[in-house]
Amino acid sequence: MYSIAARGQWLVQCLSCFSGVARSFCSRTYFGDGVDDGFMSVEGLLNGDWKSQEIDFPDAKPESENSRGGHSWENFNGRRSFFGNVRGDAEKVLVILQQEGPGYDAKAALNDLQIRVSGLLVREVLLGILRTINCANKTRCAKLAYKFFVWSGQQENYRHTANSYHLIMKIFADAEEFKAMWRLVDEMIEKGYPTTARTFNILICTCGEAGLAKRVVERFIKSKTFNYRPFKHSFNAILHSLLVVSQYKLIEWVYQQMLIECHSPDILTYNILMCAKFRLGKLDQFHRLLDEMGRSGFSPDFHTFNILLHVLGKGDKPLAALNLLNHMKEVGCDPSVLHFTTLIDGLSRAGNLDACNYFFDEMNKHGCMPDVVCYTVMITGYIVAGELEKAEELFDEMITRGQLPNVFTYNSMIRGLCMAGRFDKACLMLKEMEFRGCNPNFLLYSTLVSNLRNAGKLSEAHEVIRHMVEKGQYIHLVSKIKGYRRC
């Protein structure tokens, strides 16, 4: 197996032969309709959350950008009022569902509400149930969600959307009701709904943990109802989804099936394969794929360069990375903040903070302003290295330059302050972030509480937990944060 150290210069030389094909390197999409491949990028790692909800909006059309008259403001108020009414109706539905039990007819109570059922209402109710699922109430939540799903689907002038099915599937997945989830997929197909890449995503995330991922893939490969837009073919849709859930070995198997079916790889396929090979530590195959991509006439694109910079960064090859950045400029792909951040992240993980500083300064010199993700990567590197003072300097600098810290930035800073024994400052930073409108996540609460407990500051730890509960956040996870056994 070749080492990155031995192949760094070769990598840049290899790329130089690809520059003959004119491409739009700096595009963030492959297909022109908003699909960003991600490739485990730093943005995804720091900002990732289950936010990719599809939304069924009401039929009201948005105003054009040129509309500035009084009617526009009236329409805006009307839409805001509509959304407010829907949320109010959703809350009433959730109250009724919570009362479900012996002697209580939830269906009759829902009928008595006489509310208008819409895609937005169904979404709000199902999301409300999804947010409350925990190991103690998962079975009840699944039953209540399905009861509402069936009731709403029986109402006049309403028909469930694919989004509604995806939400109820996600509830079944979180409740570990796998057979019910698969029955919903069959029902979707029977009723003429297309199974999409999102359907596959929900299934693969769930069944991957249960060891059934290969069966899911086989079913979707053979499916005639699989709508894989905006991907060019089903294999790319499947490969992309597998990459998101880190099913790297399965990616290799799917690629072989793709070749058996006589599908030729494109640039997206190659990028996914190279990322998988790197994650699996198969660097010799990674380099062979890069060679094959060039022989097939594909030039590296925005994401290919990002992967290569990540490889060079983690391999602690700053000189080869610098040559690659220069090569990118020569072929018309100016390095973006994402490219620099990916490189800095890799170098930081390799422990080379001097190189991180160099490239951080270089991006500033070239007018590529660091964003909150880039600052967070730098701050985290300093925290891991035990250089809290430099992390604090960067934290102050980013605020001065108009970059507001996100929850991941605060998490790194609070962890660093706890490591340095500065618990008062850590607790103050928790209040500061809330004051700035940045809501703590469970990891941040857990980090702070565990460090306080380990330092013997039990009353302070209890105060943080009490504050979290008072805000109504992560109540179902309190037992975990207190160190109780998992149910």
Taking a point 7 angstrom from the Cα of residue 319 along the C-beta vector, which residues in the stretch 358-374 have backbone N less than 20 Å away? 358-360, 362
Charge dipole of the stretch 379-468 built from unit charges on the beta carbon (Lys, Arg +1; Asp, Glu -1), centred at mean Cα; most positive-end Cα among 423, 464, 408 is 464
What list of ³J(HN,Hα) values in whole Hz, one per residue of the stretch 417-431 in order, does the Karplus curve 6.51 cos²θ - 1.76 cosθ + 1.60 (θ = phi - 60°) give from phi, with Gly and Pro shown as x? 5, 5, 4, 8, x, 9, 6, 4, 5, 4, 5, 5, 5, 4, 5
Express the accessible area of the stretch 206-296 per residue in Å², computed with a 1.4 Å probe while the remaining protein chains stay in the model. 46 Å²
If the chain between residue 260 and residue 112 were fully extended at 0.36 nm per residue, the gain over the current Cα-Cα distance would be 47.5 nm
Sequence-distant or interchain residues sharing an amide H contact under 5 Å with residue 196, placed H: which? 227
Just to be sure I understand the model, the point goes 7 Å from the Cα along the line to the Cβ. What's the resulting residue 369 to residue 139 distance in nm? 5.6 nm
Within straight cross-link reach of residue 317, meaning Cα distance under 29 Å, which lysines are found once same-chain residues fewer than 8 apart are removed? 249, 277, 282, 329, 365, 390
Treat each spin label as a single point 7 Å out from the Cα along the C-beta direction, and report the residue 156 to residue 85 distance in nm. 1.7 nm
Applied in sequence order to the stretch 239-253, the curve 6.51 cos²θ - 1.76 cosθ + 1.60 (Karplus, θ = phi - 60°) yields integer Hz couplings, x standing for Gly and Pro, of 4, 4, 5, 5, 5, 4, 9, 6, 8, 5, 5, 5, 4, 4, 5
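Expressed in nm to one decimal, what extension gain is obtained for the pair residue 183 and residue 132 from 0.36 nm per residue of sequence separation less their Cα-Cα distance?
16.0 nm
The values are calculated or read from the model by the stated rules, or taken from the named source; none is laboratory data. Just so we're clear, the structure is a prediction, and the values are computed from it rather than from any experiment. We place every Cβ from the backbone using ideal geometry, glycine too, and count neighbours over all the protein chains shown. Keep in mind that these areas ignore ligands, DNA and RNA; they rest on the heavy atoms of the full protein, side chains included. Shrake-Rupley method; radii C 1.70, N 1.55, O 1.52, S 1.80 Å.
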